[in-house]
Structures are given as C-alpha cells and as structure tokens.
Protein chains: 2
Amino acid sequence: MTPRDAASRKADTLAMLATPEIDVWVATASADGEAHLVPVSLAWVDERAVIAVPEASVTTRNLIASGRARLAVGPTRDVVMIDAALERNVDVDVDPTLGEAYATQADWDPRGDNGYVFLVLRPVRLQAWREADEIKGRTLMRDGAWVV
Amino acid sequence: MTPRDAASRKADTLAMLATPEIDVWVATASADGEAHLVPVSLAWVDERAVIAVPEASVTTRNLIASGRARLAVGPTRDVVMIDAALERNVDVDVDPTLGEAYATQADWDPRGDNGYVFLVLRPVRLQAWREADEIKGRTLMRDGAWVV
C-alpha cells in the first residue's frame, strides 16, 4: 500500500464519519487526571461530532468540566483521531433538528430517554492514518480549519 | 444473540488479549486534565498488558505521572475495557524475556529502537461486553482479581 494523499484522506475521513451506525471512542479526563474511555454511537452533523450519553455519566461530567475530549473513529489501523471542544450540551428533547439528525445516522434514538443529553463536539485538530507509513501527513485539520 | 455468561466472556476475553498482532486503545490523562488516546500494539504477558512506546511520548509521560490508564481492546461492539495501573516501565533492551514475549505477539519488534520503553500495565478492573444486553454482568475482574 502506498500512503494516501491528503485529498484522499479527507474524502475517506468524511465518508467514515458519515457512516450509518458507526461508533466513536471518547476519551476524557477528570480534573485530577483520571482518564475515561467509552465507545458510543456517533452522528456527524454540520461538521460536528455528536454523541448521546447520560447526563450523569463520567463522560458528560468530564466534558462539561474540561471542555475537551479526544475521539477516535475507525479500527486501529484506519483511524480518524479528533481533538475536540465541547460546543454545547443539550437535553435530547430540546433540539428537534439535532435529534432527527442523530437518530438518522445512529442505530438508536435517545429522544424520550430521560436523563440523556447530546454533547456537540467541535473538531479542533483532526488526523487520519492507517499504518506507520501514513504518520507523515496525518494532520488534516488544525485550529478548527481543514488544511486540505 | 443471547448475552454470554461470565465463563464465556472470560474465555473470549483471554483469547482476544492473546490474539497475534492485536492493538489496544490507550487512554491516559495529564495532571491538568487533558485526555490522550492512541492505538498501539498489545502483548498480553503473564496477565499484564504490555505496550512499547517512545519514552518521550505523551502516553509515557502521563502514565509515569498518574500511574493509571484505561485500555480498550476489540471493536466497539465486542470490547474488553481494562482499568490498569503502571507496574513498571523498562527500556526495551533491558528485559530479554519481556522483549521476546512482546515481539512474539506483536507484529513489530521495538528492541534496538533507541528511546522506546515497555510499559507493563496491571489490570485492576476488567469489563467485557458486546451490545447493550451485555452491560449487566460486564465486570470480570475487580481490584485486580478475577471474579469469575
């Protein structure tokens, strides 16, 4: 395999993020330095990563406190890594457009589930690589802007 | 699919951890609450998760400072989640037995790579589940001891 060029990586990345029923690994940290990691369903809506989690979860608590998460989509050897900032958190029944977009891509619908929130995550840095030969050139977005 | 019983989950877990050329997601946190997440090759040696990473990496720095990581092995819907403690870190050329065990399972051999260390991680809590119907009964190890 030859390393993909930047345009191919971006196209592959956008296709992966829009895949129906795809999951995302969400890593967050507590204020005292304990890492948390969970797999949850992903929706990619208007260039934002959207997840639905219990408001009382460690992920929600960490994200509201720190404002930051590191996301991984795809298998370990075809990965999209996203450093993201929390843009907003909203009860799952408050924003019908967001709820509809989420339920369309994900394979479940959290609307009506008491205590669930949507966390809307804005990508700040995005990297994509498959194997070691793609480490070079892996950064496709920097400071929230595509570089390709 | 009916949920697997505890014995099946343990057997599946041990088989997965011993899989040749398998990767592990490693989530760590900095002291100021920034999460880090990387996919790396895994070796499962004497009930320890062993990874090889640059000594200067964020993962090494976080693990030496905090002593803790959260690991995920397997795809998002057949996952083994491990909360682990750093047992020791050792230059890749110092412990030949460990180096041999790592290189046998992984698909690369870090020995001779200047600046790489083995991080030996002791599982403290281990959970395994596939879908939502396996959330109940997912804890297979608690306080470092198998409960099944």
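Observations
- A Gaussian network model of chain B, with springs between Cα atoms under 10 Å, assigns the largest mean-square fluctuation among B:T19, B:T28, B:T60 to B:T19.
- What a 1.4 Å probe finds exposed on the protein assembly as shown is 52% carbon and sulfur by accessible area, rounded to a whole percent.
- When chain B is treated as a GNM with alpha-carbon contacts under 10 Å, the residue of B:P20, B:P54, B:P96 showing the greatest mean-square fluctuation is B:P96.
- Each residue, A:A65 and A:E47, gets one label point 7 Å from its Cα in the Cβ direction; the gap between the two is 3.1 nm.
- Average accessible area per residue (Å²) across the protein assembly as shown - probe 1.4 Å, nucleic acids and ligands excluded: 45 Å²
- Placing unit charges on the Cβ atoms of the charged side chains and taking the dipole of the protein assembly as shown about its Cα centre, the candidate lying farthest along the positive direction among A:L63, A:I135, A:W25 is A:L63.
- According to the Kirkwood relation over distinct C-alpha pairs, the hydrodynamic radius of the range A:1-121 is 14.8 Å.
- Taking the range A:19-55 and a reference point 7 angstrom along Cα→Cβ of A:V94, the backbone N atoms nearer than 15 Å belong to A:51-55.
- Dipole moment magnitude, nearest 20 debye, chain A about Cα centre, only Lys, Arg, Asp, Glu C-beta charged: 660 debye
- Those lysines that a straight Cα-Cα span of less than 16 Å connects to B:K10, excepting residues fewer than 8 apart in one chain: B:K136
- Assigned charges on the beta-carbon of Lys, Arg, Asp, Glu; the protein assembly as shown dipole about Cα centre (debye): 280 debye
- For the range A:69-148: Kirkwood Rh in Å [reciprocal of mean 1/r, alpha carbons]: 14.3 Å
- Interface size B-A, as summed buried accessible area [1.4 Å probe, Å², nearest 100]: 2300 Å²
- Here the range A:9-70 is assigned +1 on the Cβ of each Lys and Arg and -1 on the Cβ of each Asp and Glu. Its dipole about the Cα centre then comes out at about 200 debye.
- GNM remark for chain B: springs join alpha carbons under 10 Å apart, and the peak mean-square fluctuation among B:D95, B:D107, B:D83 falls on B:D95.
The values are calculated or read from the model by the stated rules, or taken from the named source; none is laboratory data. On a predicted model such as this, the values are computed, not experimentally measured, just so you know. So basically every Cβ, Gly included, is an ideal-geometry build from the backbone, and we count neighbours across all protein chains shown. Calculation scope for accessible area: heavy atoms of the full protein, side chains included, ligands and nucleic acids excluded. Shrake-Rupley method; radii C 1.70, N 1.55, O 1.52, S 1.80 Å.
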